[in-house]
Every structure is written in structure tokens, then in C-alpha cells.
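S.K.: Please read through the structure below; I'll follow up with questions.
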Protein chains: 2
Amino acid sequence: MKIKTLPALALSQRGKRSKLPPISDLMTRALGNPKLISLAAGFVDQATLPVAEMRKAFDALWADPDEARQALQYGTTEGHRPLREKLLAHLQEGDGQTYQDVSIEQFVVTSGSNQQLHLIADTLLDPGDMVICTAPTYLVFMGVLEDVGAKAFGVDMDDAGMVPESLEAALEQLDAQGELGRVKAIYLVSYYDNPSGMTTSVERRQQIVEIAHRWSREQRIHIIEDAAYRELRFDGPDIPSTFSFDEDHETVIYTTTFSKPFAPGIRLGWGVFPKELIDAVTNLKGNIDFGSPNLNQHLLVKIMELGLYEPHIEMLRKNYARKKTAMVNAADKYLRPLSGMSWFEPHGGLYLWLTLPEHIAAGPDGRLFDLALEKGVLYVPGQYCFPELGAGVKKNTIRLSFGVQESDLIDKGVELLAEAIGELM
Amino acid sequence: MKIKTLPALALSQRGKRSKLPPISDLMTRALGNPKLISLAAGFVDQATLPVAEMRKAFDALWADPDEARQALQYGTTEGHRPLREKLLAHLQEGDGQTYQDVSIEQFVVTSGSNQQLHLIADTLLDPGDMVICTAPTYLVFMGVLEDVGAKAFGVDMDDAGMVPESLEAALEQLDAQGELGRVKAIYLVSYYDNPSGMTTSVERRQQIVEIAHRWSREQRIHIIEDAAYRELRFDGPDIPSTFSFDEDHETVIYTTTFSKPFAPGIRLGWGVFPKELIDAVTNLKGNIDFGSPNLNQHLLVKIMELGLYEPHIEMLRKNYARKKTAMVNAADKYLRPLSGMSWFEPHGGLYLWLTLPEHIAAGPDGRLFDLALEKGVLYVPGQYCFPELGAGVKKNTIRLSFGVQESDLIDKGVELLAEAIGELM
């Protein structure tokens, strides 16, 4: 039965393309130090996880054995209908309008928002296709694009989100290069962006939808609106989704998660798809997993029916607002005195984005990362969040998260980081 | 903001390929009749779902709020380590041997076994590649292949599973056509096959591994062993996995599910990958969903720790054996008197595979399907389970499932089917 040498394993093109995020190496290096203060991971605060709420939801669901049995049976590919009904209502409430022309048949429940992003990439993008993103943008989304052989093209952002002029310029450039036909989507983390913390303003939302429509010449250019952090608003206006500015609902794909506003461990996310796209997405999802866990969806419906969802979000907002304040205060205290440092105070989310003096590289080819590790603090080098194409990579950037650590360690972590930066100045 | 006409939505190649299973149309047609006895769906018996067991597991997990919080946090991409440890032990116990050279790093927990099959297809298969299957084979696996643009090539099976001579002949034919380099895997539902009910014999398992090794000339030809029904054994020997006959564990990928032996609603499956393949699979899964639901994995570990898993399987075995007997008895009573009908009594699983006289087409182009519906019974036309390439399609076949219905309705359903067949003879 045993043969000495089998020929080498031949991976598919996709198998070859799919890589560990480059950041993983750095994170592994950090594991050696158990006293390390990690301001890196975008995890949610362990202390806020809804243990009591889940107990109540489970008890309520299990109070009726028939209902419990239904939750343990196969569900549907698109997701538990009562949950999708609640999601439509939730979206309408958040956007302050009734969507007459949007039906729950356009809603899909997925395994986190990341499966949603992967399904979108799989159904819209061929190898060589392009998605326009802000520079910086969500690291893992670039990994998704890599899986399918597509490319991220970065455009400028400022404190109101993606810059429309920069988006136009990118489209003009790609058109001039004969590549407009490869641009299939614009990707926006529209609320409290990962990694930059920025929120796209109302005016920009309208402009970006208009630009996507106007440049949909050769093919539809979708907008992928990733609203993962929408619920984690601390202050500032409650802005309607980009989806709300897309009158025909044929351009914006709305995608979000229950990981940030509720619990990552239930692994659920959801999205709203244009009518023309929904079948392709659910057909593919049907072949992949027949739908996301029915049990978890039933539990979430109970959470909502028991009125536990909104109060939980309120608690999260206060909690993360408090920790954001701790981080911003620490930045004022320790980083402000160093010259040439800047950041933007986010109105929600989990991240503070730092820009260092230009000569300080925060990535693996600079000295700061190791020095910070030596001092006992871990961060995400910003350079990993920049698309290779387009606006270029800024190596003098850092993503800090205030999600996991408590205020005292946030303060200490920023102090240690400031020490490291100070030594390199 | 509104523009009159956007250009047509451009799906990716994959988006275009991914279709609803052809069977869906037929199933939709059936929804009109609420009194219909469905012997079609491969669902598990609602009455057997582990409601009491899950209550105990939840209580045990929630007894320690710290543990509950861990279950609600992100897990790892490859899956909860204590669960994977139990799975290695479970596999070793089932196969009656200790795998010195297999580590839990090769185990991945997925969203059902179907995500496993999709990940395998994604990492091994490019468009145009081929997988050799039995004819008939698992319908949804062919959908998975279609997603990635690969093709199923059918070879003969008999009551001991895939016929080695037919497998050899297929490889010779493909080699002669210059297509051997496209053959990347052999797919086997090795226990109580869906749809045929057949189990691959020990001798055949050894032969098929040997053939895969010997024909791995230009590239590795993997065996994808789908053991989804392994736990549902009624009688007959407890056969070691095909994986157990692959000495180097470089050829057989072992994949299975918790849907059949436990509950589909927790949406978990698992598999064991060759060392050379595991990174590609977990990298891809990491970009898709960061791992399957941590909560559900923690609950399963509790189920096992509390000693609830094995007794549940024992109960399922007895329950499905009882229903299998009801179906076989009904077949003897109602179908045997019709001439030219044959079937094989399965030793486990959920299915009875019928072969009708050759002139009776059981699919959408024959009269039987509609006639059976009129009488009030729904079945899966066997023709959907045959690969287009290779051994050809037998339209005079039917898959019946005894999973869902109780014995009296199984009896009635088979009686109605026999009436319909009788009228066409």
C-alpha cells in the first residue's frame, strides 16, 4: 500500500493564491511575551459578551421543545425568516425610512460579515478584476480579493471618508488605461472604518453613489457598504446608510455583522443584495453550507423578542466610548508631546489610527515594531492596510484598538508606544 | 441620484456557474400539496433531535461565566482545540488504531461537511479539472464541482461500492485522451452512500487507495472520503475508514459532519487533511469566516464530556434501523409484486435506492414523478445523482429517504409510489 514518493501536491490557482495575512507573522512573534499589552487585535471586549442575555434566550427557546427541535434541524440557505424580518425592520429604523421596494428575499444571513464579503467577491469578481477601496482599508477584505485573484485599488480618504475627487481620478486613470471594464465595485467601510476610524459623511455617501452610477458604463459598478461598526456609535450624528441613498437599490450591497454589536462566537452576519444578485449569492451559499447555523439564528430572534438586543448595544456604546476616551487621553498625554504625530478622534468603532513622522516606519522593515514589543506593547502596522495599487502605502501609520484592553492598560500601552517612538526620533 | 438604466449586472464566471440544484424545481412543485408524504429530503428525524442533551450542555457551559464568555468570543480558524482533540480520539477509536503520524493540526472544524467539500474543491480544483465519482453520487457534491468549474466523471458501483476495474478503466480512458493531468481526486461516500446506500468494502477501500497511489503520476490524485453517514450503522461490520488504509496519510482527505449523527442546526462538520494541504485550506477558511461558530463547538465538547454523544448515536441507530425496516418491508409488500424492481437493503444511513424497469423514467421527462405527486408521495429522481461524464445516467432510478417520516407514513408512501409505478407498467 505504501509507495515511496508521491508527486507534489498540486494546489488550484485559488489554493495557491490564498495566504495567511502578512500580519500573522508579526502576531506570532508577539506570542512569546505573555505580559504584552496588545492594542492590535480587533476583538471585542471579553467582559461585554452577552452571557446573561444568551441564558435568557436559550431558556426561552428551550421552553418549547418543538421550537428547540426546529432550531436544531436544517434551516434555509438564506436564513431564518423571522430573523430576516427583524433585520429589514432594523435597517429601516436605522435609516429612518420604509423601503417599499426592498423585500426580505434580498436579505441573507451569513457566517459573519466576512462570508458575505467572500460571497460577494465570488459572485462578482473574476481574476484580474478590481475593487476601489480607501487607502487604508480593511485588511481581511484585501485577503478576500486575493483569494479570487482580484485587486484592490486605493484612493485617498480624509476625515469625511473616501475623497470623491480621488475616486473620480482613479476611474479616469483606469479608463484611460482601458481597465474600466475590470472595475466591478467600490468598497466602503462606511461607519468608523477599520482601520482609520473615519465615517463617510452624508454628502460623500450621495456623491459616491452618484459616481458609481455615472461610471457604470460598461458594467455595473457596485458599492459594497461594510457597516460592521455601525452600531458602535459613541457620539456624532446617526447617519443613514449609503444604501439609503441608492434609490433603485441596484448598486449598493449592504453588509454587516453580529460579531461587533453582539458576539463573535455565534458567527452570524447579514446583508442586503440587489434583486439581480441575490440568486447567485444564495445558490453559491447553498452549495457551500446550506445556510448559517439555524440554532444561532433562533437564539438571536429570541434575544430581539425579549428586548435584550438594543440595551446590549447601548451598554457596548458606553463601554467602548469610555475606552476610546482613555486611549485619546493617553494619546494626548504621551503622543502629543512628540512632534509630528497625528490622529483623528473616532465617533464610534474600535480603532485609533496614528500617523507618525514620515521617517518612522512602523512595519517589519522599521525598528519601531520590535522596539515596541521589547517595551511590551503590540500594534498593527498600518502598512498592511494599504492596497498595492493606487494611492500608495504609508509606512508611518499604526492601527491601535481600544476594544480588548481595560482603560489602565490602554493608558500604559500608549505610554510604552510613545516611549518607543520617542527613542526613534 | 436616480438614473434610468444601469448596465446589466455582470456576474463572475463562478457567479454564472453556481446554480440551484436542478432538483429544486421539482421540490417547489411539490409544495402545493400539504398532505404530501415526502420521502425525498435527506433531513434527519425531527423527533430525534437532541433537545435534552443540548439543555444539559448549555447548562454545563454556562455554569462558568468565563467559559461562556470564551464561547461567545472569536475562536480559531481551524476550530476549538479540545473539540479537535476529541475528534482525533474518535477517529482512532473508530478505526481501531493509533495514528502516530497524524496530529490535530490536520483537523479542521467546518460549517457542516459541505463547507469542507467546498474548501477541498477550492484548494485543489481549477476549471476543467475532474473528480472521479461513483454513478450515482452525492448530488450536492456535483454542485460544488460546478461552482469551481470542475467536472464529475462517473464510474460503476455495485453492492461493495465503487468498482475498481471501472475506476481503472476510467483512468486509462482519461490517460489515453491526454486528460489524466486533470484528474485531481476520487470522491467516495464510503459508508451508506447518499444516494445508493452502498458501503465500500474493506477490500475495495484498499484497492482504491492503491489505484490512487499508482495513478498519481503527473500529480497527486487525492481520495475525498465523505463519511457523513458513518455513525448511522444498523448492522454489518464496523469497517475502518479508507483513511486508515492510506499509510502515509497523504492521499485520503477524511470529511464528515455532525448534522447526521447529532443536529444539522449547529452546522458543524470536520475533516482531516494531508499535512501538505492543511495550510491552504485554513488560509482560505480564515478569509471566508475566521472559523466556524465557537459557541457551537464549545457546546459539542460539553455534549461529549457529559457522555451524551455516544448514547445519542445509539438511539439514532435504533431509530433509523427501525424505519429502514419499515421501508424495506413496505418495498417487499408493494414493490416486489411489480416485476423488474430492485433495491439493496442498506446497513446504515438514510436511503433506499430503487431501480425500476428500464422503460420507466422517474425524472421530469417521465410521467411517474407527476403521477406520484398526484397520489401524494414525493421522491428524488435518481437521474440527478449521475455525473454527465463517464458511466452514463440511469433515468429509471429513485432515491427514497426513511429519515423524516414515521413508519406508518413510510409504508403509505411506498404503497402510493407502487400504485403509480404499477399504473405505468
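The values are calculated or read from the model by the stated rules, or taken from the named source; none is laboratory data. Since we're looking at a predicted model, the values are computed, not measured. Counting neighbours? That spans all protein chains shown, and the Cβs are built from the backbone with ideal geometry, glycine included.
S.K.: Would you check which residues across region B:406-425 are modelled with pLDDT under 95 and not aliphatic (A, V, I, L, M) and list them?
M.R.: None; the set is empty.
S.K.: Checking the structure you have, find out if any residue of region A:55-62 is outside any loop (DSSP other than H, G, I, E, B), free of Cβ contacts under 8 Å to residues at least 12 places away in the same chain, of a type in the set (Lys, Arg) and not assigned by TED's automatic domain parsing to the domain that holds A:Asp238. Walk me through how you get there before you give the answer.
M.R.: Of all residues in region A:55-62, those outside any loop (DSSP other than H, G, I, E, B) come to A:55-62.
Retained after the next criterion (residues that are free of Cβ contacts under 8 Å to residues at least 12 places away in the same chain): A:55, A:59, A:62.
Add one more test, that the residue is of a type in the set (Lys, Arg), and what stays is A:55.
Those left that are additionally not assigned by TED's automatic domain parsing to the domain that holds A:Asp238: A:55.
Yes, because at least one residue in region A:55-62 is outside any loop (DSSP other than H, G, I, E, B), free of Cβ contacts under 8 Å to residues at least 12 places away in the same chain, of a type in the set (Lys, Arg) and not assigned by TED's automatic domain parsing to the domain that holds A:Asp238.
S.K.: Let me ask something additional. Any residue in region A:285-296 that is away from chain B (no Cβ under 11 Å) and either closer than 26 Å to B:Thr5 by Cα or not in a loop (DSSP other than H, G, I, E, B) (or both)?
M.R.: Going residue by residue through region A:285-296, those that are away from chain B (no Cβ under 11 Å) are none.
Checked against the condition, which is being away from chain B (no Cβ under 11 Å) and either closer than 26 Å to B:Thr5 by Cα or not in a loop (DSSP other than H, G, I, E, B) (or both), region A:285-296 yields no hits at all.
S.K.: Would you confirm whether or not region B:254-276 contains a residue that is touching a helix residue (DSSP H, G or I) at 6+ places or on another chain (Cβ under 9 Å), surrounded by fewer than 24 Cβ atoms within 10 Å (Cβ to Cβ), charged (D, E, K, R) and free of Cβ contacts under 8 Å to residues at least 12 places away in the same chain?
M.R.: No, that holds for no residue.
S.K.: List the number of the failed condition for B:Ala10; all other conditions in (1) assigned to a helix (DSSP H, G or I); (2) out of contact with any Ser or Thr (no Cβ under 9 Å at 6 or more places or on another chain) hold.
M.R.: With (1) assigned to a helix (DSSP H, G or I); (2) out of contact with any Ser or Thr (no Cβ under 9 Å at 6 or more places or on another chain) applied to B:Ala10, the lone miss is (1).
S.K.: Just need a number here: residues in region A:233-248 that are within 11 Å of chain B (Cβ to nearest Cβ) and not polar (S, T, N, Q).
M.R.: Here is the first cut: in region A:233-248, the ones within 11 Å of chain B (Cβ to nearest Cβ) are A:244-248.
Add one more test, that the residue is not polar (S, T, N, Q), and what stays is A:245-248.
Counting residues in region A:233-248 that are within 11 Å of chain B (Cβ to nearest Cβ) and not polar (S, T, N, Q) gives 4.
S.K.: Could you tell me which of the residues B:Leu188, B:Leu167 is in contact with a helix residue (DSSP H, G or I) (Cβ under 9 Å, 6 or more places away or on another chain) and part of a helix (DSSP H, G or I)? Spell out the reasoning first.
M.R.: Working: B:Leu188 fails: part of a helix (DSSP H, G or I).
Matching residue, one of B:Leu188, B:Leu167: B:Leu167.
S.K.: Being over 16 Å from A:Thr397 (Cβ atoms), out of contact with any Lys or Arg (no Cβ under 9 Å at 6 or more places or on another chain) and crowded, with 17+ Cβ neighbours inside 10 Å is the filter here, so list the residues in region A:413-425 that pass it.
M.R.: The answer is A:Gly413, and nothing else.
S.K.: Which of the residues belonging to region A:117-142 are crowded, with 24+ Cβ neighbours inside 10 Å, in contact (Cβ under 8 Å) with a residue 40 or more places away in the chain and within 10 Å of chain B (Cβ to nearest Cβ)?
M.R.: A:Leu117, A:Leu119, A:Ile120, A:Asp122, A:Thr123, A:Leu124, A:Leu125, A:Phe141, A:Met142
S.K.: Take the residues in region A:17-44 that are among the charged types (D, E, K, R) and surrounded by 15 or more Cβ atoms within 10 Å (Cβ to Cβ), then tell me which one is modelled with the lowest pLDDT. Full working, then the answer.
M.R.: Of the residues in region A:17-44, the ones among the charged types (D, E, K, R) are A:17, A:19, A:25, A:29, A:35.
So of that shortlist, the ones also surrounded by 15 or more Cβ atoms within 10 Å (Cβ to Cβ) come out as A:17, A:19.
Details: A:Arg17: 93, A:Lys19: 86.
In this case the residue turns out to be A:Lys19.
S.K.: Take the conditions of a type outside the set (Phe, Trp, Tyr), in contact with a Lys or Arg (Cβ under 9 Å, 6 or more places away or on another chain) and within 27 Å of A:Phe290 (Cβ to Cβ) and apply them to B:Val272. Does it pass?
M.R.: Details: of a type outside the set (Phe, Trp, Tyr): yes; in contact with a Lys or Arg (Cβ under 9 Å, 6 or more places away or on another chain): no; within 27 Å of A:Phe290 (Cβ to Cβ): yes.
In short, no.
S.K.: Now for a different question. Output the residue which, of all residues in region B:297-335 that are among the charged types (D, E, K, R) and within 23 Å of the chain's Cα centre (by Cα), is nearest to the other protein chains (Cβ to nearest Cβ). Can you show your working first?
M.R.: Quick first cut of region B:297-335, residues among the charged types (D, E, K, R) only: B:302, B:305, B:310, B:314, B:317-318, B:322-324, B:332-333.
Right, trim to within 23 Å of the chain's Cα centre (by Cα) and you get B:310, B:314, B:317-318, B:322-324.
Values: B:Glu310: 18, B:Glu314: 18, B:Arg317: 18, B:Lys318: 19, B:Arg322: 19, B:Lys323: 17, B:Lys324: 20 Å.
Per the stated criteria, the residue is B:Lys323.
S.K.: On to the next question. Among the residues of region A:356-365, what is the count of those that are in contact with a helix residue (DSSP H, G or I) (Cβ under 8 Å, 6 or more places away or on another chain) and either among the aromatic types (Phe, Trp, Tyr) or in contact (Cβ under 8 Å) with a residue 40 or more places away in the chain (or both)? Step through it out loud before you land on a result.
M.R.: The initial filter retains those residues of region A:356-365 that are in contact with a helix residue (DSSP H, G or I) (Cβ under 8 Å, 6 or more places away or on another chain), namely A:356, A:360-364.
In the following step, the residues that additionally are either among the aromatic types (Phe, Trp, Tyr) or in contact (Cβ under 8 Å) with a residue 40 or more places away in the chain (or both) were identified as A:356, A:360, A:364.
The qualifying residues number 3.
S.K.: Here is a follow-up. Which condition breaks for B:Pro387 when tested against (1) crowded, with 21+ Cβ neighbours inside 10 Å; (2) outside any helix (DSSP H, G or I); (3) out of contact with any Cys (no Cβ under 9 Å at 6 or more places or on another chain)?
M.R.: Unmet for B:Pro387, out of (1) crowded, with 21+ Cβ neighbours inside 10 Å; (2) outside any helix (DSSP H, G or I); (3) out of contact with any Cys (no Cβ under 9 Å at 6 or more places or on another chain): (3).
S.K.: Filter region A:68-87 down to the residues that are closer than 17 Å to B:Phe262 by Cα and either more than 9 Å from chain B (Cβ to nearest Cβ) or basic (Lys, Arg) (or both) and list them by number. Give the steps one after another, and end with the answer.
M.R.: First, the residues of region A:68-87 that are closer than 17 Å to B:Phe262 by Cα: A:68-75.
A:Arg69, the sole residue that qualifies.
S.K.: Oh, and also: Please state which of the following conditions B:Pro7 fails to meet, knowing it meets all the rest: (1) at the interface with chain A (Cβ under 10 Å from one of its Cβ atoms); (2) over 30 Å from A:Ala212 (Cβ atoms); (3) surrounded by fewer than 15 Cβ atoms within 10 Å (Cβ to Cβ).
M.R.: That leaves (2) as the condition not met.
S.K.: Given the residues A:Ala152, A:Ala176, which is the only one that is in contact with a Pro (Cβ under 6 Å, 6 or more places away or on another chain) and either crowded, with 24+ Cβ neighbours inside 10 Å or away from chain B (no Cβ under 11 Å) (or both)? Break it down into steps so the answer makes sense when it comes.
M.R.: Working: A:Ala176 fails: in contact with a Pro (Cβ under 6 Å, 6 or more places away or on another chain).
Only one candidate passes the filter, namely A:Ala152.
S.K.: Of everything in region B:102-116, what is within 11 Å of chain A (Cβ to nearest Cβ) and either acidic (Asp, Glu) or in a strand (DSSP E or B) (or both)? Give them in sequence order. Walk me through how you get there before you give the answer.
M.R.: To start, the set of residues in region B:102-116 that are within 11 Å of chain A (Cβ to nearest Cβ) comprises B:110-116.
Correct list: B:Thr110 only.
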